[in-house]
Amino acid sequence: SMGVTLNFINNPTISTWNGNVSVNDTGNVNTTLSSLTRAVGENVGSYNITAAGFTALTGSAIGNYNAPTFGTANSPALTITKASITGALTTPAQSIVYGQNDPLLSSMGVTLSGLINNASINTWNGLVSVSDTSSNVNTTLASLTRAVGENVGSYNITAATFNALAGSSAGNYNVPTFTTANSPALTITKASLTGTLTTPAQSIVYGQNDPALSSMGVTLNFINNPTISTWNGNVSVNDTGNVNTTLASLTRAVGENVGSYNITAASFTALTGSAISNYNAPTFGTANSPALTITKANLTGTLTTPAQSIVYGQNDPLLSSMGVTLNFINNPTISTWNGNVSVNDTGNVNTTLSSLTRA
């Protein structure tokens, strides 16, 4: 692909003893390159041509010339320019939970494509081998850009920039461009929710129904973070009012006697609100959960004996002869968080008269 210029004779007024003559060897003497030698090296830079060989002269005037020698004056140098490469993410698909920061760039690997690995590069000086691997040329992520959004779903990585190339062959390559081919997306998965009871400690009187679930509030640990760090910059997520639920059931330690009964489990109604697709169904958080306290019931004792009668001057009737009726609990369907239970204290609560006062 390279031409050769010869300084053949082209002179219209050569002075001879016979007078002036004209000699023009244009087209009468030609040659082509048979070899070139240049400064040694394959790195980016400029390499001077130091020698050349030529094929045998051709043309009608070749008998008039010696074999040509190489003239270095104004000889073009060989310039090696930087090669282009691309960078792709080698890390498996990334995943975060809703409300978390995007993964750290330092945790994600980069593979460079287009690095030269050629054992037989044909140069004017002969065959040479160039093998660049990640030990000779490497980089790390400087930034990533992804589709915008923080809701549960998949977000394609759309752009990346890289830090300056490092390694012994870094100067031979342009800054890598990002290739989205096979680039892992970022998946945002649902966050876990914990529901805790916000109602103060519950209390009932012995024999009463457990408190209605509708009277008890639920607190959810939804996301409220003004500075979530994403590849696109900091964003704010505040789901206050965007995810709600109510109690569907409660379970407590078994028992109806006076005492304290820990709440051991709860279930919740389906979530409502605009952010519900970002959360799993809530689990129950027992931390600081109020217990149910059963306090003593009030008893009223009434006399079961018919109206008493004595003769004037007699003693009042003996107390031991007079019965007492108590309004103890006898309820076959007390509604508790564990289901209906029956309490019948017939024969379980008794007393006798210790005194009477009359008008």
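The values are calculated or read from the model by the stated rules, or taken from the named source; none is laboratory data. All of these numbers come straight from a predicted model, not from anything done at the bench. Cβ atoms come from the backbone with ideal geometry, glycine included; neighbour counts cover every protein chain shown. The area values use the complete protein model at the heavy-atom level, side chains included, leaving out ligands, DNA and RNA. Shrake-Rupley method; radii C 1.70, N 1.55, O 1.52, S 1.80 Å.
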Subject >> Among the residues listed as Ala287, Ala248, Ala270, Ala281, the single one being small (Gly, Ala, Ser), at pLDDT below 95 and surrounded by fewer than 16 Cβ atoms within 10 Å (Cβ to Cβ) >> reply: Ala287
Subject >> Total residues in the stretch 39-54, condition part of a strand (DSSP E or B), open to solvent by less than 30 Å² (accessible area, probe 1.4 Å) and under 16 Å from Thr81 (Cα atoms) >> reply: 2
**OP:** Look through Ala287, Ala281, Ala307 and report the one residue that is hydrophobic (A, V, I, L, M, F, W, C) and more than 30 Å from Asn238 (Cβ to Cβ).
**Re:** Ala307
**OP:** Spot the failing condition for Phe284; the list is (1) within 15 Å of Met216 (Cα to Cα); (2) over 28 Å from the mean Cα position of the chain (by Cα), and only one is missed.
**Re:** (2)
Subject >> Residues of the stretch 134-160 classified as open to solvent by less than 60 Å² (accessible area, probe 1.4 Å) and in a loop (DSSP other than H, G, I, E, B), total >> reply: 7
**OP:** Output the residues belonging to the stretch 193-203 that are touching a residue at least 24 places away in the same chain (Cβ under 8 Å), surrounded by fewer than 19 Cβ atoms within 10 Å (Cβ to Cβ) and in a loop (DSSP other than H, G, I, E, B).
**Re:** Thr199, Pro200, Ala201
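Residue-wise test of (1) of a type in the set (D, E, K, R); (2) surrounded by fewer than 18 Cβ atoms within 10 Å (Cβ to Cβ); (3) at pLDDT below 95.
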position: Phe178; (1), (2), (3): no, no, yes
position: Ala191; (1), (2), (3): no, no, no
position: Val205; (1), (2), (3): no, yes, no
position: Ser236; (1), (2), (3): no, yes, no
Original post:
Within the stretch 3-21, can you find the residues that are surrounded by 10 or more Cβ atoms within 10 Å (Cβ to Cβ) and either part of a loop (DSSP other than H, G, I, E, B) or small (Gly, Ala, Ser) (or both)?
Top reply: Val4, Leu6, Phe8, Ile9
**OP:** Could you look through the stretch 104-128, keep only residues that are open to solvent by less than 80 Å² (accessible area, probe 1.4 Å) and of a type in the set (S, T, N, Q), and pick out the one that is nearest to the chain's Cα centre (by Cα)?
**Re:** Ser107
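Being in a strand (DSSP E or B) and out of contact with any strand residue (DSSP E or B) (no Cβ under 9 Å at 6 or more places or on another chain) is the filter here, so list the residues in the stretch 305-353 that pass it.
The one that is in a strand (DSSP E or B) and out of contact with any strand residue (DSSP E or B) (no Cβ under 9 Å at 6 or more places or on another chain): Gly339.
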Original post:
Taking Ser229 and the conditions (1) surrounded by fewer than 12 Cβ atoms within 10 Å (Cβ to Cβ); (2) small (Gly, Ala, Ser); (3) under 30 Å from Leu186 (Cα atoms), which numbered condition does it fall short on, given that it satisfies the others?
Top reply: (1)
**OP:** Pairs only if they're at least six apart or on different chains, beta carbon under 6 angstrom, first in the stretch 1-21 and under 14 Å from Asn64 (Cβ atoms), second charged (D, E, K, R); list them, first residue then second.
**Re:** Phe8/Asp25; Ile9/Asp25
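Hey, among the residues in the stretch 317-338 that are exposed (fewer than 10 other Cβ atoms within 10 Å of the Cβ) and at pLDDT below 95, which one's farthest from Ile294 (Cα to Cα)?
In the first step, residues of the stretch 317-338 are kept if they are exposed (fewer than 10 other Cβ atoms within 10 Å of the Cβ); the result is 318, 320-321, 332-333.
With the extra rule that they be at pLDDT below 95, the set shrinks to 318, 320-321.
Numbers: Leu318: 37, Ser320: 33, Ser321: 35 Å.
Filtering the stretch 317-338 for residues that are exposed (fewer than 10 other Cβ atoms within 10 Å of the Cβ) and at pLDDT below 95, the one farthest from Ile294 (Cα to Cα) comes out as Leu318.
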**OP:** Go over the candidates Ile121, Ile85 one by one and state the one that is touching an Asp or Glu at 6+ places or on another chain (Cβ under 9 Å) and within 30 Å of Val175 (Cα to Cα).
**Re:** Ile121
Subject >> Conditions (1) without any contact (Cβ under 8 Å) to a residue 60 or more places away in the chain; (2) open to solvent by 60 Å² or more (accessible area, probe 1.4 Å); (3) closer than 30 Å to Lys82 by Cα; number of the one not met by Leu33 >> reply: (2)
Subject >> Hits in the stretch 161-180 (condition: over 20 Å from Ser106 (Cβ atoms) and assigned to a loop (DSSP other than H, G, I, E, B)) >> reply: Ser168, Ser169, Asn174, Thr179, Thr180
Original post:
What number of residues within the stretch 119-132 satisfy the criterion of being without any contact (Cβ under 8 Å) to a residue 40 or more places away in the chain and closer than 16 Å to Lys82 by Cα?
Top reply: 1
